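Each value in this text was obtained by applying a stated rule to the coordinates, not by laboratory testing. Since this is a predicted model, take the numbers as computed values, not measurements. Here the Cβ positions follow ideal geometry from the backbone for every residue, glycine too, while neighbour counts run over all protein chains shown.
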Amino acid sequence: MSKVVILNHPLIDHKMAKIRDKRTGTKEFRESVSEVGGLITYEITRDFTTTPKTIETPMCETTVYELEKQVVIVPILRAGLGMVDGIHNIIPTAKIGHIGLYRDEVTLQPQVYYSKFPSCIKESVVLVVDPMLASGGSASKAIDILKKHGATDIRYVGLVGCPEGIKRLQEDHPDVSIYLAALDSHLNEIGYIVPGLGDCGDRLFGTK
Ligand code: URA
């Protein structure tokens, strides 16, 4: 069973308050989503392995530690883009892939319309980013695709999840740890998380 980490941190809660409030405008919403992306990154990377290296400070020789594995950030289009800059600010050496999904109108299953990943994906830590872990269908499909491309060390990063999405992701991908800023009550009948924050893509990009 995969690990689920719900970030319990006053700074994240404070920013989530802004993000959830329907009065928050596009600019502040976008900035806050990105900032929470950055703050979550500290927790996601807590168990990353490092390699020692000898350098000289202005004072003397010493041992320092650098991240051992390359990091690849893969936002699920389009809402995932909102968290990328915040994560990238903390791990500027990370490479960025993209995956675009749409829902087939007949089967209602997520279908891939775009994917592009860096060639190092097999040996990297891959952070799949989508702010809303709702039904879990898109995240699960994105992770299927990443595994087909050879990724083996994958973590899911989001803002808000619900029990339905967590259950689905844990069943489909028990090896993928889940990191969220908040865990909400449930999914409603039209697939929105309650209390949630509404349509994250629309709020990020001002499309409503
Ligand atoms: N996607 C969103 O943007 N919001 C939800 O509540 C669920 C899925």
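Send over the per residue convex hull volume for region 13-75, Cα only, as a whole number of Å³. Intermediate results must be reported in sequence, preceding the final value.
On the way: hull volume 8.9 nm³, N = 63.
That works out to 142 Å³ per residue.
In whole Hz, what ³J(HN,Hα) sequence does region 36-47 give by Karplus (6.51, -1.76, 1.60; θ = phi - 60°), x for Gly and Pro?
5, x, x, 5, 4, 4, 4, 6, 4, 8, 3, 9
Mind checking the dipole of region 1-46: about its Cα centre, +1 per Lys or Arg Cβ, -1 per Asp or Glu Cβ, Debye to the nearest 20?
Roughly 140 debye for region 1-46.
Number of Lys-Lys pairs in region 6-112 under 24 Å by Cα, sequence gap 8 or more or different chains?
The result is 5.
What percent of all Cα-Cα pairs in the chain falls into each 10 Å bin, going from 0 up to the bin containing the maximum distance?
In whole percents, the pair-distance histogram is 8, 35, 36, 15, 5, 1, 0.
Please list, in order along region 191-202, the HN-Hα scalar couplings obtained from phi with the Karplus expression 6.51 cos²θ - 1.76 cosθ + 1.60 (θ = phi - 60°), rounded to whole Hz, x for Gly and Pro.
Per residue, the Karplus-derived 3J(HN,Hα) values read x, 9, 7, 10, x, x, 8, x, 7, 5, x, 4 Hz.
By how many nm would the segment from GLU68 to ALA17 grow when fully extended, if each residue of separation counts as 0.36 nm and the alpha-carbon distance is taken off? Walk me through the numbers before you get to the answer.
On the way: separation 51, 0.36 × 51 = 18.36 nm, distance 3.53 nm.
In short, 14.8 nm is gained.
Could you work out which residue, out of GLY161, GLY191, GLY80, moves most in a Gaussian network model of the chain, that is, has the largest mean-square fluctuation with Cα springs under 10 Å?
Between GLY161, GLY191, GLY80, it is GLY191 that shows the largest mean-square fluctuation.
Apply the Karplus parameterisation 6.51 cos²θ - 1.76 cosθ + 1.60, with θ equal to phi minus 60°, to every residue of region 163-168 and state each ³J(HN,Hα) to the nearest whole Hz, in sequence, with x for glycine and proline.
Coupling constants for region 163-168: x, 4, x, 5, 4, 4 Hz.
Mind listing the long-range amide H neighbours of GLY100? Cut-off is under 5 Å, sequence gap 5 or more, other chains count too, H placed in the peptide plane at 1.01 Å from N.
LEU77, TYR113, TYR114, SER115
What ranking do 51-61, 100-110, 131-141, 16-26 get when scored by the average of other Cβ atoms within 10 Å per residue, highest first? Write out the running numbers ahead of the final one.
Details: 51-61: 7.7, 100-110: 11.6, 131-141: 23.5, 16-26: 14.3.
My ranking of the peptides, most packed first, is 131-141, 16-26, 100-110, 51-61.
Give me the dipole magnitude in Debye, nearest 20, for region 49-208 about the Cα centre, with unit charges on the beta carbon: positive for Lys and Arg, negative for Asp and Glu.
Here region 49-208 has a charge dipole of around 300 debye.
Taking Cα pairs under 8 Å and at least six residues apart, what relative contact order does the chain come out at, in percent?
Contact order relative to length: 24 percent.
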